Each structure stands twice: as C-alpha cells, then as structure tokens.
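Q: After the structure tokens below, expect a handful of questions from me.
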Amino acid sequence: MAKKLFIKTYGCQMNVYDSARMAELLAPLGYAPTDEAGEADMVILNTCHIREKASEKVFSELGRLRADRRERGAEDVIVAVAGCVAQAEGAEIIRRAPDVDIVLGPQTYHRLPEMVARATRARDAKSNRPDLARGAGLLDTEFPAESKFDFLPAATESPVSAFLAVQEGCDKFCTFCVVPYTRGAEFSRPVAQVIAEARALVAAGAREVTLLGQNVNAYHGEAENGATWSLARLIRELADRLPDLARIRYTTSHPRDMDEDLIAAHGDVPQLMPFLHLPVQSGSDRVLEAMNRQHGVDLYRRIVDRLRTVRSDIAFSSDFIIGFPGETAKDFQATMALVREVEFAMAYSFKYSPRPGTPAASMDLQVPEMDQDARLQELQALLNAQQQAFNRAMLGRVLPVLLEKAGRREGQLVGKSPYAQAVHVDASPDQLGSVVEARITDLGRFSLRGDIETQPADMTPRRMEACA
C-alpha cells in the first residue's frame, strides 16, 4: 500500500510551488498525498518566516503533531520541517523538537528523498533496538552551489492554474525582511529550463501559469545562445511558443524592477492578465527610505500611470506595512492618500512586527501597538471598501472565466476572472480547463456568481473594458 504524505504549507505562493515539488520528489518512494495529518506516514511543515511569531507557530504545530502521534501510537511517522523558518532556525528546531527527523531549507529540498531514506533507516534501527538512544534529526540548511531546479522531476500532472518558479532569492535587503537571509541571493533559472517546465505543465493540463519569484521582475535568465532574457522577453516567448497557454501572470514584483519593456508587455501580450500585484509598503518617502525600499512614491505613481496607459483595464493589488519604526501620523496619512489615489482591487496589510536579525528590529522609535492597531483598522476599512467597490463594478459585466475546479454543490464549477476573483458558475465537469463567458449576477463575500452566456471555440484572451 502507498504511504501517505501530508504537507502543511505556510505563507507565499513560492512555498505552494515548493510543496508541490516535494510531493513529486517523494512519489517514487511510494508516498501519495493526503489531506489528513492523522493518517500520514510522513508530515512536512513547509514554513514561512514573514508573519509575526512564525517560529512559535511552528513549534506549537510540532507539539500538536507529537501529541497526536503518541495518542495514535504512531511514533514511526517521519516529521520534516522545511522552508524559511527551517533555514533561519534549524539548529533551534533540532534542539527544541528532538522528535523532528528532518530540517531542510528552501534551497535543499531536492535532497529530500535521500534524507527520507536516511531517516527511515534510523527509525527502523530504533524500532528494532528500543534501547538505542535516539539520534539527532538530519539538518540541511546549506546554500549549495548546484541549483535545486536542476534535480527536480518534470511535471506529469498539473492543475488548470499552475505555479512556475523562475526566480528566487533577494538582493534588495529591505530592513524589515528576512528573505535575503533565508532564500539567499537573487537567482534566475535558465530560459530553456523555464520553457521546458512551462511546456510540460501545459501538456499536463495547465491553461494558466503564474511565474513566481521573490523579485520576479528582476528575472535575468540565460538563454542557450548566452544572451540574457528579461521577464518581459520570457513572457513574450511563452505566449508565442505555447498556443494552449491561455493566461500568464507573475508575482511578486518590485517597483524598482518595473522596466519599460515589461510595462509594454502588458499592452502587447493578450495572455498577460490585467491584474498586477505591486507592493509599495508605505506612501511616505521617509518611511520607504527607512525600509530601504530603493524606490519613492513618485516612481510608484509613474509606474501605475504608465501601466494604465498601455492597458486601461488593468487593476492592482499591493502590500502595506503599518507602524514601521518611526512612522508618524503624517507618514500614515501619506499612505492613506496614496491608497485613495491608486484605488486597489485588493491589498494585504499588516502591522509591523520585528524579525530577529533584521536592521529594523533594533531601530529606535518603535510605534506603540495601540497606534499600530488604530492605523491598521483605518487602512483596512479603506482597502476593504475599495475591494468591494471593485467587485460591485463587475455586476452585469461579461467576464472570461477560466474554469479550474469543482464547486461545493453538484453541477457547479469554480473559475477565475482576469482579476483573480473566484467565480462560481453552473457548468458540466467536461468544461474544466476551458474559458467561458460569464455574466456576473451576484456577489459573495469573497467571490462572484455568474451565468455562462457563451463558450468560445478557442481560448484566445481578449481585452476587458477599462476598470475605472
């Protein structure tokens, strides 16, 4: 019988991609995915270090897993901690959670099958000789010279909407962020490797591909002729070479790397969806400088204006950090003014919380939590109102919807609008993977409801009406 593998994924879409690849790596060892941790023979926590108290949440989850295994008498379950918390605090995990078998960072998960084999042998030895002392867990948080992408298997099956990592790491060193320390320096995958994986994903059923990277628009991949390709060039080539690829997205982008060629691609490539996540973090130049964001508010405004010039139907999402050290009431109001000016379709916003080892953690003028709370509530009220207004503007419109999965009730499918909104429609299962024209009739709290009007013979993307 197949062994069961449970992966709990925290954080970003890069972690979602990494979790899927780890599952593919372990399939030849007989592991099949399960959604229930309680029935798993192996559990992987793929962690993220961005959110507040990330490491403590991991230790809390490990405690729950330990109690569950003991209650079930399942002491032979292999437990692994992967991702950014593993990279940053690997030795501490081994010390505080001695029943963890494997700790590995984001750059070494291609070595997972070997580590699982070693952990299995160690468990078997302990089972046969209970008197043996349990050895320490396996720890691998190196930044190896070889790229993990060189060792990953080709995709054999794919969801309708798939992730594809093209860039990893960060050289920006924002003062609040641990990513340069946990993911390493910026690295771009070779062009041929990216195109080959994209082709395999499409052949396996993907109709939409989201290109991933910590700073994805800093992509500078080497082509087979030695030339360096930008993200814009890569997008254009994917659109030209893969006729069955209906949609292309990319995330997460940095304003500093938003060049004219990439902006132009939004107007030239119909497969490139009119929805861009472009984090700004603050609307105050003084705070952006303290964050070491390497861009100002005026640059952000110019980028938004240029994109709206080449693609009038484009919509934006963003990230905001509220209460960064030294942020004044005036700085916060500058952020509110920027939000009112740009009008975001959606956004993520958080209170600043210190990350150990980052420069911001030791800065003076930490903002009192009471002020952080009040400012965050004010910002989120505005952002939520903008998102609701954007969604209400969809009522009565006909949107192309890519049908991705079955809905909760019989005869229902769930798809995605060009703006990444979930859209529920009545449709038959054989329509999965197709793009249908749906007239939006109702709004849910986090989704849209539509009726299919026509189903195009092909999936050629079309330009929407302007969002404004």
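The values are calculated or read from the model by the stated rules, or taken from the named source; none is laboratory data. Keep in mind that this is a model prediction, so the values were computed, not measured. Heads up, the Cβs are rebuilt from the backbone with ideal geometry, glycines too, and the neighbour counts pull from every protein chain shown. These area figures cover heavy atoms from the full protein model, side chains too; ligands, DNA and RNA do not enter into them. Shrake-Rupley method; radii C 1.70, N 1.55, O 1.52, S 1.80 Å.
Q: Among (1) at negative phi; (2) surrounded by 14 or more Cβ atoms within 10 Å (Cβ to Cβ), which single condition is T309 missing?
A: Of the numbered conditions (1) at negative phi; (2) surrounded by 14 or more Cβ atoms within 10 Å (Cβ to Cβ), the odd one out for T309 is (2).
Q: Follow-up. E404 - would you say it is in contact (Cβ under 8 Å) with a residue 40 or more places away in the chain, crowded, with 16+ Cβ neighbours inside 10 Å and closer than 30 Å to T454 by Cα?
A: Taking the combined requirement at face value, the residue satisfies it.
Q: Taking interchain pairs and intrachain pairs at least six residues apart, which have beta carbon atoms under 7 angstrom, with the first residue in the range 219-231 and in contact (Cβ under 8 Å) with a residue 60 or more places away in the chain and the second assigned to a strand (DSSP E or B) and open to solvent by less than 20 Å² (accessible area, probe 1.4 Å)?
A: If the second residue must be assigned to a strand (DSSP E or B) and open to solvent by less than 20 Å² (accessible area, probe 1.4 Å), the pairs left are L231/Y250.
Q: Every residue in the range 190-205 that is assigned to a loop (DSSP other than H, G, I, E, B) and modelled with pLDDT under 95, please.
A: Passing the criteria: A204, G205.
Q: Same structure again: Out of E222, E260, I need the residue that is under 24 Å from A345 (Cβ atoms) and among the acidic types (D, E). Which one? Steps first, please.
A: Values: E222 fails: under 24 Å from A345 (Cβ atoms).
The match here is E260.
Q: Quick one: is I44 assigned to a loop (DSSP other than H, G, I, E, B) and either open to solvent by less than 60 Å² (accessible area, probe 1.4 Å) or farther than 15 Å from V116 by Cα (or both)?
A: Values: assigned to a loop (DSSP other than H, G, I, E, B): no; either open to solvent by less than 60 Å² (accessible area, probe 1.4 Å) or farther than 15 Å from V116 by Cα (or both): yes.
Criteria not met by I44.
Q: With of a type in the set (A, V, I, L, M, F, W, C) and in a loop (DSSP other than H, G, I, E, B) as the only criterion, which of F320, F324, F316 stands out?
A: Only one candidate qualifies: F324.
Q: Taking the range 204-233 as the region of interest, how many residues are of a type in the set (A, V, I, L, M, F, W, C), surrounded by 15 or more Cβ atoms within 10 Å (Cβ to Cβ) and over 24 Å from G267 (Cα atoms)?
A: Result for the range 204-233: 1.
Q: Right, another one. Would you pick out the residues in the range 330-344 that are open to solvent by 10 Å² or more (accessible area, probe 1.4 Å) and touching a helix residue (DSSP H, G or I) at 6+ places or on another chain (Cβ under 8 Å)?
A: Hits for the range 330-344 are D331, A334, R340, E341, E343.
Q: Taking into account only those residues within the range 117-141 that are farther than 17 Å from I94 by Cβ and modelled with pLDDT of 80 or more, which is most open to solvent (accessible area, probe 1.4 Å)?
A: R121
Q: Scan the range 244-263 residue by residue and report those that are part of a loop (DSSP other than H, G, I, E, B) and surrounded by fewer than 17 Cβ atoms within 10 Å (Cβ to Cβ).
A: Result: D244, D259.
Q: In the range 21-41, what residues are under 26 Å from Y250 (Cβ atoms) and surrounded by fewer than 18 Cβ atoms within 10 Å (Cβ to Cβ)?
A: Matches in the range 21-41: A23, E24.
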